[in-house]
1. So who's got an amide H within less than 5 Å of the one on residue 198, skipping anything under 5 residues away but keeping other chains? H placed 1.01 Å off N, in plane.
2. Which residue fluctuates most in the GNM of the chain (Cα springs below 10 Å): 150, 219, 80?
3. In percent, what relative contact order does the range 108-223 have, based on Cα pairs under 8 Å that are 6 or more apart in sequence?
4. Unpartnered cysteines of the chain (Cβ-Cβ under 4.7 Å counts as a partner)?
5. Could you calculate, for the range 108-223, the ratio of the Cα radius of gyration to the Kirkwood radius, expressed as Rg to Rh?
6. Using amide H atoms built in the peptide plane, which far-off residues or other-chain residues are under 5 Å from residue 95 H to H?
7. Measure off 7 Å from each Cα along the Cα-to-Cβ vector at residue 229 and residue 173, then give the distance between these two points in nanometres to one decimal.
8. Could you compute the FRET efficiency for residue 244 and residue 87, with r as their C-beta to C-beta distance and R0 at 22 Å, rounded to 0.05?
Amino acid sequence: MRVVIFSGTTEGRQLSQETVAMGIETLVCVATEYGKLMQERVPGTQVLSGRMDAEKMAQVLEGADLCVDATHPYAREVSRNIREASSRVGVPCHRLLRRESQLPSSCVLVDSAEDAAHFLQGTQGNILLTTGAKELAAFSPLERQRLYPRVLPVVESLRACESLEIPRGNVIAMQGPFSQELNAALIRQFSTKWLVTKDGGAAGGFGEKVRAAEETGARLVVIRRPKEEGESYETILRICKEMMECR
């Protein structure tokens, strides 16, 4: 049996560990070199890195028995491409859903990074951005001195900060996971009044951000998670086991 997991998330790596342990040939596709580095820590998996369109994904899926979309909850275009590719080659595809978070009543809810930036234009104070380098351009209407983006310590992320002319002293290049204590320390260090985040769930450290904001008095701006259909981690694991037992 051969499974292809489109990943780059904690759950995807965990699932690949399980499938390898079951004796399933496991190919994990990740978009970045950082994702490849993290996935290579899981022994027994084949890893393919690089961004793919639906056509390339379909080529990768040829001959597979199962496709699992374990990409980030906000990677909507990638998920669309995965569905299209799996349908094209006739491989069953399952979307792994990340558990939703309990959102605090005091947070400001918005639908996109652009909406977050629009809201913040009417505020004052420094802003800790934890939405990733890809979303930085959305915050271009704001004064650069207010922005403190926390991004992965990779060239691609640093270039995104440079292209937006973020002051170098404002760039926080760090690799997670981030504890409540570290989040709170960064908020205090840079005197940030606002913390912008996606609802990344427990795997994305969302709870630690919420508690750090509560501890320091920073206000949370949360970009809503896109609505989607799929299965839980446990359900997909069961599907893999059942398919393996039927072979």
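1. Close amide H contacts, sequence-distant or interchain: 223.
2. Fluctuation is largest for 80.
3. Relative CO of the range 108-223 lands at 32 percent.
4. 29, 107, 161, 240, 246
5. Reported Rg/Rh (Cα atoms, Kirkwood Rh): 0.92.
6. 69, 231
7. 4.3 nm
8. 0.40
Coordinate-derived values only; no laboratory data. Everything quoted here is computed from the prediction, not taken from an experiment. Backbone-built Cβ (ideal geometry, glycine too); neighbour counts: all protein chains shown.
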